[in-house]
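Read-outs throughout are calculated quantities, based only on the coordinates presented, and are distinct from any laboratory measurement. Nothing here was measured: the structure is a model prediction, and the numbers come from that model. So basically every Cβ, Gly included, is an ideal-geometry build from the backbone, and we count neighbours across all protein chains shown.
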Amino acid sequence: MPESERILVVGGSDVDRERIVADLRRRELKVEARGGLLEDAEDAGVVVVVGGAITSKRDGVAAWVDAVSAARIAAAARIVFACVPDGTDAEAVEALYQAGADEVLVGALAEADIAQRIKVHAYSSARRRLSELNARQVEVLESLSGLLSDETDWPNGLPEFLSRLSAAVGFTRSALLLIEEDRRTATLVASSEESEPVRVQLELKRYPEIQACLEERKSVLVCGVRSSPLFGPWADLAATHGGEAMLATPIDVGGHPLAALLFRSYLANPPTSDGARAFLTQIAQLIGVGLRSGTLERLRDQTRRTSLRLHEEERRSRVFLQYQDFCESAPDGMVVVDEEGNVLLVNRAFETMTGYARAGLADRSLASIVETSQREALLEIVAKVAGGVRLEEFDLELETTSGEMRTVNVVCSIALSQFRAAVLALRDVTEERRLAAELRSTKEFLERLIDSTVDGIVAADLKGNVRIFNRGAAQLFGYTPEQVIGTVPVWQLYPDGVARRIMAEMRSSPRGRLQPQRLHIVTKNGAQVPAHVAASIVYAEGREIATVGVVSDLRDRVHMEERLSQAQAELERSEKQMVLAELAGATAHELNQPLTSLMWCAGFLRKKLGPQEDTLRAAETIATEAERMAEIVRKIGQITHYETKPYVGSTHILDLEKSAPHSRSKE
């Protein structure tokens with residue numbers, strides 16, 4: 001297997017990949033493993049897919065199919081193997097072949113079998129590529145022979161010849177340069193990117209690869225331009241506008257290097273073999289022969305004379321005209337500006353959006369119709385994008401011809417950065433941003449409203465994670481919002497089982513609500529506090545998404561109720577004592593008159609009856625009991641409060657001695 005053939009093992013698990021990689025490395029094959037797929041695999045000759053693509057949204061063999069498709073799409077992945085497990089059916093295997101697999105290996109094949117198959121395919125592919133390369137080289141030689149045989153067709157035939165030559169040696173594009181006598185400048189006379197010959201003056205100090213090939217009198221290949229010491233301060237600029245790899249080959253005319261071929265590639269390591277470079281040396285010799293005998297001067301005279309600046313402008317204009325068709329079909333506004341922000345191209349959607357006609361914006365800075373405070377930032381962004389820097393999208397305020405300010409979302413593209421231009425796609429988001437601002441304002445107002453509410457408001461998702469915990473709740477429960485939100489589950493704010501009961505009652509309610517009721521909550525220090533709780537379930541499109549509860553502190557109310565209850569009891573006692581005192585007074589008053597008469601009659605009888613008479617004892621008894629009754633009536637009249645004492649069984653009667661304290665003091 002050729003040394004340059006790199007093998008990538010992709011997909012599947014780390015264990016699957018490393019097992020294959022370890023064995024292939026033991027067999028001295030150039031191999032590496034990667035979980036992702038082929039972002040920098042242009043120079044990979046073989047890809048072994050041992051599992052599904054990690055970016056695939058499908059499972060099983062379908063993920064294998066996605067991985068194989070990605071490997072096949074990679075530009076230089078010439079051989080693709082798919083290793084699938086035992087039991088994979090024929091239909092799945094066929095799908096892998098359809099996706100681009102060169103061979104599908106089913107089952108736990110020994111690694112030696114995989115290595116052998118890779119080598120067989122690699123050699124077969126190498127022979128096929130060699131055959132294709134030989135065919136392209138034959139086409140190049142035939143094309144060059146035609147040019148050499150017809151000197152009048154040199155200028156017009158060179159672009160097509162250079163295009164074929166680039167493909168034959170594995171590069172993206174190429175150019176033919178004539179070296180001036182001062183060896184400080186060169187003339188670009190033909191390019192594979194141009195359809196006709198040109199004449200552009202170039203400063204050789206900006207092309208160190210050409211200077212090197214002229215000094216060394218041999219081809220100079222530079223892979224990885226950005227890190228090459230040859231280019232020095234020109235490295236980034238050369239890579240951005242030239243390519244990641246370059247090849248310069250001198251052309252001797254009469255024993256002197258008076259011309260050069262310059263090749264460029266967007267790949268840092270283009271697939272250029274030693275044989276291709278040897279073929280290029282042969283081509284350079286043939287071109288040198290063709291440029292002898294005055295052909296060189298005729299070629300100089302026949303090419304169109306122009307400055308580098310005008311050439312770039314004309315070339316850019318042609319590209320812009322091609323790009324304009326795409327811009328016109330875009331639904332969003334499109335504008336192309338140069339690195340200084342001057343408008344080069346706009347589409348109809350941009351005209352409709354801003355009201356400006358194309359003629360009115362020609363050679364005018366885009367910043368002139370942008371809100372003043374954003375102009376400087378816009379010009380900085382445009383300069384970066386035109387220089388090839390990728391930037392994130394941003395919002396911009398544009399002023400229309402009617403003076404109205406419109407908010408547009410801008411997406412930048414570096415598609416034209418090689419021409420020092422930036423492509424801006426603008427989408428009118430004025431209404432979206434206005435609605436977003438209103439929603440943000442409403443949200444902030446609601447948050448302030450919720451936070452300023454005296455009652456505690458607690459909202460939680462269906463997993464019990466607290467999402468809203470206002471200041472009222474913080475004062476009630478003793479937590480700060482930061483201590484609760486996303487940390488303390490909502491059921492921890494209630495005694496055991498209460499949160500579950502609340503949820504059950506809400507779900508049993510037709511409207512998902514808990515009617516206000518008195519419950520106990522649990523504060524940070526573990527105390528249970530009486531509270532008034534109302535709660536409900538929050539729905540979105542008929543689905544439960546959250547719960548919200550409003551909690552009022554009842555501690556002050558409970559204390560007030562207790563004081564009111566005590567006052568009520570005291571009032572009732574006072575009223576009872578007042579009624580008793582009034583009743584006692586009335587009773588004493590009413591009993592005093594008949595009792596006085598009774599006592600007078602008893603005394604009269606004792607005087608009239610002789611000592612020997614039997615009725616005298618009865619009269620004395622009547623007088624004694626009447627006096628006793630008078631004493632009782634006197635005590636009743638002196639009752640000031642209500643005191644009882646036990647009587648028969650569980651009965652209680654009025655205690656006259658304690659209820660009439662004045663009677664005791666007199667005694």
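What the table below lists for this structure:
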{"item": "Translational D in µm²/s for region 412-560 (Stokes-Einstein at 4 °C, 1.567 mPa s, Kirkwood Rh from C-alpha pairs)", "result": "72 µm²/s"}
{"item": "Pairwise label distance in nanometres, ALA586 with ALA527, each label 7 Å out on the Cα-Cβ vector", "result": "5.0 nm"}
{"item": "Segment THR480-ARG217, length gained on full extension (0.36 nm per residue, minus Cα span)", "result": "86.8 nm"}
{"item": "Protection-proxy order for peptides 460-473, 560-573, 59-72, each taking the mean of Cβ atoms within 10 Å per residue, highest first", "result": "59-72, 460-473, 560-573"}
{"item": "Length added when fully stretched, GLU613-SER145, from 0.36 nm per residue minus Cα-Cα", "result": "150.2 nm"}
{"item": "GluC sites (Glu not before Pro) within region 387-427: DSSP coil, no more than 14 neighbouring Cβ in 10 Å", "result": "GLU392, GLU393, GLU404"}
{"item": "Inter-centroid distance (Cα atoms) of region 261-285 relative to region 351-410, Å", "result": "44 Å"}
{"item": "When each of LYS30/LYS205; LYS576/LYS658; LYS576/LYS635; LYS463/LYS524; LYS608/LYS635 is checked by Cα-Cα distance, pairs over 27 Å", "result": "LYS30/LYS205; LYS608/LYS635"}
{"item": "Surface/4 of the Cα convex hull for region 517-620, nm²", "result": "16.0 nm²"}
{"item": "Estimated dipole of region 160-281 in Debye, rounded to 20 [Cβ of Lys and Arg +1, of Asp and Glu -1, Cα centre]", "result": "180 debye"}
{"item": "Two-decimal log10 I(q)/I(0) for region 311-433, as the Debye equation yields it once each C-alpha is a single scatterer, q = 0.10, 0.11, 0.16 Å⁻¹", "result": "-0.26, -0.32, -0.70"}
{"item": "Three semi-axes of the equivalent ellipsoid, region 150-306, Cα gyration tensor, whole Å, largest first", "result": "23, 17, 15"}
{"item": "Long-range amide H partners of MET334 with built H, under 5 Å", "result": "ASN347, ALA349, PHE350, LEU426"}
